[in-house]
Amino acid sequence: MRLFGTDGVRGLANGETLTASLALDLAVSAAQVLIRHDDFASRHESGRPLAVVGRDPRISGQFLQAAVMAGLASAGVDVLDLGVIPTPGIAYLTDALDADLGVVITASHNPMPDNGIKFLQRGGVKLDDVLEDEIEARLGQPWERPTGAALGRISSASDALERYVGHLTGTLRKPLAGLTVVVDCAQGASSASAPLALENAGASVIAIHHAPTGLDINDHCGATHTEALQRAVVEHGADCGFAFDGDADRCIGVDHEGTVVDGDQLIAIMALALQEQGRLVDDTVVVTVMSNLGFLRAMQEHGITVRQTAVGDRYVLEDMRAGRYVVGGEQSGHIILSEYATTGDGTLTALHILERMVETGRSLADLAAVMKRFPQVLLNVPGVDKSRTDDPELVAAVEAEQKELGDAGRILLRPSGTEPLVRVMVEAETQERAHEVAERLADVVRRRLALRS
């Protein structure tokens with residue numbers, strides 16, 4: 001089974017797979033694969049490669065980061081410890097510091113016992129599948145170990161957070177004075193940086209879930225649990241609120257009435273703003289196949305082309321880079337503004353949505369009304385052969401249901417990338433209708449794709 005998933009290597013920290021020894025070995029292998037050029041002397045004064053390493057606040061991040069840094073230094077790589085900092089901050093500093101490699105220790109929105117390791121190549125860009133496969137293939141292979149002065153050095157970057165926050169606020173053209181905003185930091189990596197960035201930009205900030213213990217990341221808070229944020233926005237009479245996930249590459253909004261504004265709606269707001277400013281390259285936005293039908297319709301009404309990729313912000317980013325598109329993302333809140341970032345950045349998204357509110361004088365609720373969200377039902381059907389979704393009877397059932405829905409709905413059948421299950425997604429004009437169709441198709445999946453003994 002492939003070690004790398006859709007977003008690096010993840011698992012139960014210190015469990016059977018994600019151990020200190022694996023972290024060290026991955027770091028050595030990544031150094032061998034990614035740092036393959038001989039121009040370090042001209043790029044770095046030391047003549048050695050440079051890596052930056054950061055993490056979210058999980059307690060397991062301490063031993064995993066130590067192992068990664070040890071592996072890199074043993075491979076002759078100088079290491080800059082960025083400490084606790086959002087994933088997009090590590091991506092930014094990988095590029096800004098001209099590092100040869102970036103390493104992120106995080107499990108993003110996953111619960112505390114989990115953790116993960118992902119690598120960034122030069123420029124702060126996520127790896128493609130080919131590079132990940134090469135790193136995995138080199139694990140445990142013999143390698144030439146440097147000794148003496150050729151070993152890497154490890155040092156701390158005391159100004160990492162300050163540089164990242166300065167970058168964020170420097171992307172704005174207007175101050176955010178007059179806006180009151182609640183931010184839910186998910187007891188995660190944005191706990192220091194997000195409130196500071198919004199305050200420096202001129203907003204009045206009320207922060208919640210911003211004192212992480214290392215044991216409470218994503219625990220009924222943040223982008224995957226917005227209930228506390230919704231209550232706080234209403235209780236404080238704030239203009240809006242934003243929730244981030246554990247590593248702060250996601251952003252979900254909440255309007256002044258406490259209504260959730262999801263990633264599709266935030267992308268729609270940004271796409272229309274960029275189109276109005278003449279900055280939306282080829283009048284095109286990039287999203288995944290999971291984006292809501294309401295988003296697709298709204299973009300069509302405004303003459304914006306929608307490109308759809310497989311699920312995963314890495315695939316969105318790959319398509320954006322190929323076409324030099326400037327905005328894209330996922331319904332879950334991964335939003336990429338490629339003029340300023342190489343990955344999804346929750347705080348950056350919040351700042352630019354707030355700037356749009358200032359520019360237009362409109363509320364978040366009013367801006368989000370550009371699209372009508374269709375009710376969406378997603379059912380996971382486990383214990384089936386996900387390789388047989390082309391079964392003729394299943395295909396016919398999907399086609400029949402889609403014909404019944406017509407333009408008022410959408411169906412997507414998608415095999416899971418990591419588990420033996422098939423995901424059935426249905427959108428319709430009512431929740432009841434979507435649920436009925438999804439249940440019928442799930443029954444067909446169970447019957448036709450049952451695992452054979």
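Points worth noting:
- Computed across the range 329-453, the Kirkwood hydrodynamic radius from all distinct Cα-Cα pairs reaches 17.1 Å.
- The mean sequence separation of alpha-carbon pairs under 8 Å and at least six residues apart, normalised by the residue count of the chain, gives a relative contact order of 12 percent.
- Prolate is the label for the range 1-113, because the ratio a/c of its alpha-carbon gyration tensor axes (a ≥ b ≥ c) is 1.5 or higher and a/b is greater than b/c.
- Averaging Cα coordinates gives a centre for the range 67-123 and one for the range 149-195; these two points are 15 Å apart.
- Separation in nanometres of the label points that stand 7 Å from Cα toward Cβ, at Ser46 and Ala450: 6.1
- Residue-normalised accessible area of the range 68-116, expressed per residue, 1.4 Å probe, Å²: 20
- Of the residues His220, His256, His334, ranked by 1.4 Å probe accessible area with the largest first, the sequence reads His220, His256, His334.
- Neighbour-limited loop hits for trypsin sites (Lys or Arg not before Pro), the range 209-293 (at most 12 other Cβ within 10 Å; DSSP other than H, G, I, E, B): Arg279
- In terms of its alpha-carbon gyration tensor, the range 270-336 comes out oblate; a/c meets the 1.5 threshold, while b/c is at least as large as a/b.
- The phi torsions of the range 73-80, fed into the Karplus equation with coefficients 6.51, -1.76 and 1.60 and a -60° offset, translate into couplings of 4, 5, 8, x, 9, 6, 10, 10 Hz, rounded to whole numbers, with Gly and Pro shown as x.
- Between Asp443 and Arg362, the contour length at 0.36 nm per residue exceeds the Cα-Cα span by 24.6 nm.
- Were the residues from Glu136 through Arg163 laid out at 0.36 nm apart, the gain over their Cα-Cα distance would be 6.4 nm.
- Förster radius 35 Å - calculated FRET efficiency between Asp283 and Gln431 (Cβ-Cβ, nearest 0.05): 0.60
- Residues in the range 347-358 carry Karplus couplings, in order, of 5, 4, 4, 4, 4, 7, 5, 5, 4, 5, 4, 5 Hz; the curve used is 6.51 cos²θ - 1.76 cosθ + 1.60 with θ = phi - 60°, and Gly or Pro positions show x.
- Using heavy atoms of the protein chains and a probe of 1.4 Å, the accessible area assigned to Met320 is about 0 Å².
- Among the trypsin sites (Lys or Arg not before Pro) in the range 5-67, those located in a DSSP loop and surrounded by at most 14 other Cβ atoms within 10 Å of their own Cβ are Arg36.
- Rg over Rh, two decimals, the range 223-381 (C-alpha only, Kirkwood Rh): 0.94
- Rg and Dmax of the range 63-118, Cα atoms only, in Å: 11.7, 34
- Between Val326 and Val281, the built amide H atoms are under 5 Å apart, and every one of these is 5 or more places off in sequence or on another chain.
- Anisotropy class assigned to the range 199-308 is prolate, per the alpha carbon gyration tensor with a/c at or over the 1.5 cut-off and a/b larger than b/c.
- Debye log10 I(q)/I(0) for the chain, one point scatterer per Cα, at q = 0.07, 0.09, 0.14 Å⁻¹: -0.37, -0.61, -1.35
- Note on the range 240-258 and the range 211-227: Cα centroid distance 12 Å, given to the nearest whole angstrom.
- Using every pair of separate Cα atoms, the Kirkwood estimate puts the hydrodynamic radius of the range 310-360 at 11.3 angstrom.
- Residue-count net charge about Ala365 - beta-carbon cut-off 11 Å; Lys, Arg +1, Asp, Glu -1: -3
- Environment charge of Leu451, counting only residues whose C-beta is closer than 14 Å and scoring Lys/Arg +1, Asp/Glu -1: +3
- Amide H within-cut-off set for Ala13, under 5 Å, with H built and near neighbours excluded: Asp114, Asn115
- Residue-level accessible surface for Arg447, protein heavy atoms, 1.4 Å, Å²: 140
- The GluC sites (Glu not before Pro) of the range 204-297 meeting both criteria, a DSSP state outside H, G, I, E and B (loop) and at most 12 other C-beta atoms within 10 angstrom of the site's C-beta, are Glu257.
- Formal net charge of residues neighbouring Ile59 (Cβ-Cβ distance under 14 Å; K, R +1; D, E -1): -2
The values are calculated or read from the model by the stated rules, or taken from the named source; none is laboratory data. The shown structure was predicted, so the numbers you read here are calculated from the model rather than taken from an experiment. Glycine also receives a Cβ, built like all others from the backbone with ideal geometry; neighbour counts cover every protein chain displayed. In case anyone asks, the SASA skips ligands and DNA or RNA and just uses the protein heavy atoms, side chains included. Shrake-Rupley method; radii C 1.70, N 1.55, O 1.52, S 1.80 Å.
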